[in-house]
Amino acid sequence: SFQVVGGKVKKPGKRGRKPAKIDLKAKLERSRQSARECRARKKLRYQYLEELVSSRERAICALREELEMYKQWCMAMDQGKIPSEIKALLTGEEQGKAQQNSTKLTKAVKTEANSNNP
């Protein structure tokens, strides 16, 4: 019994080409090669993940140290002491603001001078 599908005659049974007699040794070798590649990929993946974990752990340690430093600063300020780092930050900001203002003034003067000359 034949089936007619889309104008083509189809024979019942398995579809596709019949598998050729594959050399057993070649098949085993391909399987071994595939296993080697799989193990190599797995090893690389684990190395990558281990590096990722260690870098995250280092970041966590650095953040914990930073948090501890801020806690120390807060405790010092609660006792009425201003840590030298904060003093340096504050004086640095004031100097930075003064420099920004002076550069703004210089730019404003230059643009006025340029606008007066046609």
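So the values come out like this:
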item: Which numbered condition ALA35 fails, given (1) exposed (fewer than 10 other Cβ atoms within 10 Å of the Cβ); (2) modelled with pLDDT of 90 or more; result: (1)
item: Flag if ARG17 is open to solvent by 90 Å² or more (accessible area, probe 1.4 Å) and modelled with pLDDT of 95 or more; result: no
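The values are calculated or read from the model by the stated rules, or taken from the named source; none is laboratory data. The structure displayed is predicted, hence computed values, not measured ones. Quick reminder, even Gly has a Cβ in these numbers, built from the backbone with ideal geometry, and neighbours come from all protein chains shown. Surface accessibility is based on the protein's heavy atoms, side chains included, excluding ligands, DNA and RNA. Shrake-Rupley method; radii C 1.70, N 1.55, O 1.52, S 1.80 Å.
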